[in-house]
């Protein structure tokens, strides 16, 4: 009987040991957080509604501001660069809108945990809910801004085609996946070190001018080779080029895939290591 008891308890002890492992707990956190899509979906809608409370058109103020910026810069810089407005405005239109998504994911990702400190301290649940909430909120803003692209296509008679639309949608999905791992990594670090968000914001301002958003890499001549070392360039390309009816190229997808895989592993491992401390840091 004693032997039988040992045999029965060994698997239980092993299973409980696995359940206590930080990586397993982090995986369960990500899985359970994703399953609570109604919660982070509601939080995303609520945060946008709260930001534009008492406004008659709500988040479309962001869209109006973006459309004004694209139209003004498009007319001015197309003349400066000697480019046709028909080609230049769609180029910077997609560039600005995709950059707004990327920068929003980065800035909000840094503050995803400490900005939700009251909820984290009061409500038990997976911490990844606040990561998904951050990504969902920025995706909603992107979808609002995407109406500008529809207007540009109607004005200039552009149609990228079904296959290119599918590739652009895949590019957006990949950007959101990168937003998840970035939030896991930098959100955890920022919960401990509150100087990180302003530093990242300052670096993003520099990256904006170093990324081909409103200029073409070819305009730099030989110096354009430097742009090849800018990862933001490839995330822009996998969305912008298909929407403009071009191919992003295998190099762009290869770089984006590599950054996504390496970043996801890094973000997950870091989150697993320090997940239990986040509630104390915030």
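The values are calculated or read from the model by the stated rules, or taken from the named source; none is laboratory data. It should be emphasised that the depicted structure is a prediction, and the values quoted were computed from it without experimental measurement. Glycine also receives a Cβ, built like all others from the backbone with ideal geometry; neighbour counts cover every protein chain displayed.
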For this session: Output the residues belonging to the stretch 121-140 that are modelled with pLDDT under 90 and in a helix (DSSP H, G or I).
Result: 121, 122
For this session: May I ask you to say which residue of 107, 102 is surrounded by fewer than 22 Cβ atoms within 10 Å (Cβ to Cβ) and assigned to a helix (DSSP H, G or I)?
Result: 107
For this session: Go through the stretch 176-195 and give me each residue that's modelled with pLDDT under 95, part of a helix (DSSP H, G or I) and surrounded by fewer than 17 Cβ atoms within 10 Å (Cβ to Cβ).
Result: 192
